[in-house]
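Below is one structure; the comments refer to it alone.
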Amino acid sequence: MRLAIQHITKRFGALVANDDISLEVASGKIVGVLGENGAGKSTLMKILSGYQPADSGAVVVDGQPLAMRSPQDALRFGIGMLHQDPLDVGAFTVVEEFMYGLTQSLRLDKRHGRKILADVCGRLGFTLPPDVPVVSLSIAARQQLSIARLIALGVRVLILDEPTTGISEDQKAALFRALRDLASREGLTVLLVSHKLEDVAALCDEAVVLRRGALVGRVQMPCPQPALIELMFGKPMEVQRHEGKSLSGAPTVLRFDGLTVRDGRLTIENFALDARAGEVIGFAGLDGSGQAPIMRAAVGLVRPERGTITLNGREMVGQSYRDFLAAGAAFGAAGRLEEGLVRGLTLTEHMALATERGALVNWGRAAALTQAQIAQYQVKGTPESPIETLSGGNQQRVLMALMPQQPALMVLEQPTRGLDVDSARWIWAQLLARRDTGAAILFSSDDLDELLTYADRIVVCYAGQTRLMNNDGGLDSATLGHLIGGG
Ligand SMILES: Nc1ncnc2c1ncn2[C@@H]1O[C@H](COP(=O)(O)OP(=O)(O)OP(=O)(O)O)[C@@H](O)[C@H]1O
Ligand SMILES: [Mg+2]
């Protein structure tokens, strides 16, 4: 199957999201799609997979221009896409969701479904429990389910939009092995949109780079990272390092003592931590290792079974999320369009939700504040943009912009998930500025370099066990990766 994109152009109002893009990809190739936030990557992928029409240009397969009006059309031509944000799910179990996608019918033979699911998972190296509700799955597992379904549907072009956010190194290695295998054995063509240049280096045969809607480069992999970064941003960037600093004498902002929290079947027992003003504490661990309930306990979203939580000297156990906010805590959730942001609402409406307290919303004030935050956070969007029309990275910026300006404690799940290198640094500059005015920061990340670059101390979580490490130069990513895996 030979895939060709011919002169694709897509505008949103005055904005040219895709600017006359042409590209040919041979069967069995794995191509990285790179570019800064808002460069037009997802737009192009959605056009390729039938989720939205181009204004002009064509998608051509084996010399045949495709008439695509829907994702179902694209699937019939063998093109399938895994979305950047996992789709909303209903009350289905894993096998029901899997079968529904295959047949669009709820009258399913579950035994048959289980068998196909097990076969595909075997090919992909995934383990998905067939009978649990999809809502109880992690982001990683939901992505795996979507990929398994696309493979079962027989796609010959698989589009993955940032598939490695929130999955473990092991799961990623298994996924990449499976993709390489499918590519070389069955001629599967893979387009991988990613901000993780290591992932592109590990998986891809070549990479294309978009900048402001235009295709600005195509390189064979391996290609040195600095060269890729310069292509993406039009400027070089140097490496950042962790700077140790003295926190002696800084007051304690958050104290956990004898904290016991549960997360499904996992129990984290007797966890103790003192987070001081000006301190950054990173949480490392595979999805579901215990970091989420600990972090969420710090903002009142998870109630501990035992132990004490002190925030700025106040005992907080039993208090509500609102009480935690009032006491100076701020929280940013990992699931952007699931917990943090609301589909269908504009940026101004989000701002009103976050800041307006009275019964009557002062829309003028909310709009002015939104305009100011858009400028400060360099969001590509307008106050009237519905949140889902922003690119993934820009949604993340909005999430940050909605946070209180002077929190005592910031608890952030995956704060730079989906951000390009430049934006991630920029977000960290904002966070470190708040740290420097005395905020304590707790954050989780699946990016080992991010943990090593920004955390003063790192809590490694593995299967509910925790280990607190100083990040004082003795720790490197190989060791950290080993500990995260239970080593
Ligand atoms: N439905 C839409 N309505 C209006 N503007 C849109 C819509 N979809 C995308 N855009 C705009 O088009 C531009 C490209 O967005 P796109 O999602 O393709 O970027 P991206 O390269 O995937 O970025 P990211 O790395 O942040 O995911 C952005 O400025 C975005 O706000
Ligand atoms: Mg995108």
Using only the Cα atoms, work out Rg/Rh for the range 300-381, with Rh taken as the Kirkwood radius, to two decimals. 1.05
In order over the range 118-130: 3J(HN,Hα) from phi, Karplus 6.51/-1.76/1.60, θ = phi - 60°, whole Hz, x for each Gly or Pro, gives 5, 4, 5, 4, x, 4, 9, x, 9, 10, 10, x, x
How many percent of DSSP beta bridges within the range 3-233 run antiparallel, rounded to 5? 55
Computed ³J(HN,Hα) along the range 310-327: with the Karplus parameters 6.51/-1.76/1.60, θ = phi - 60°, integer Hz and x for glycine or proline, the list is 10, 10, 6, x, 9, 6, 10, 4, x, 7, 8, 3, 4, 5, 5, 4, 5, 7
Putting +1 on Lys and Arg Cβ atoms and -1 on Asp and Glu Cβ atoms, find which of ILE441, HIS242, VAL342 reaches farthest to the positive end of the dipole of the chain. VAL342
Just to check I understand the Karplus step: with θ = phi - 60° and J = 6.51 cos²θ - 1.76 cosθ + 1.60, what whole-Hz values come out for the range 6-15, glycine and proline as x? 10, 6, 6, 10, 9, 10, 10, x, 7, 7
Residues with amide H under 5 Å of ASN471's amide H, sequence separation 5 or more or different chain, H placed in the peptide plane at 1.01 Å from N; which? ARG457, ILE458
Stretch gain in nm, segment ARG306-GLN64, where the contour uses 0.36 nm per residue and the Cα spacing is subtracted: 80.7 nm
Over what distance in Å are the Cα centres of the range 1-78 and the range 335-397 separated? 29
For a footprinting-style exposure proxy, rank ASP420, ASP476, ASP205 by other Cβ within 10 Å, fewest first. ASP476, ASP205, ASP420
Compute the relative contact order of the chain as a whole-number percentage, counting only Cα pairs closer than 8 Å that sit 6 or more residues apart in sequence. 16
Helical mean residue ellipticity (222 nm; -39500 (n - 2.57) per DSSP H run of 4+; nearest 500) of the chain: -10000 deg cm²/dmol
Nonlocal amide H pairs with VAL253, under 5 Å, H built at 1.01 Å: ALA275, ARG276, ALA277
Under 26 Å Cα-Cα from LYS29, which lysines qualify once same-chain neighbours fewer than 8 residues away are excluded? LYS10, LYS41, LYS46, LYS172, LYS196
FRET efficiency, 1/(1 + (r/R0)^6) with R0 41 Å, evaluated for LEU247 and ALA359 via beta carbons: 0.45
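Taken together, the values in this text are just the output of simple stated rules run on the coordinates, not laboratory data. Here the structure is a predicted model, which means the values were calculated and not measured. Neighbour counts run over all protein chains shown; Cβ positions are idealised from the backbone, glycine included.
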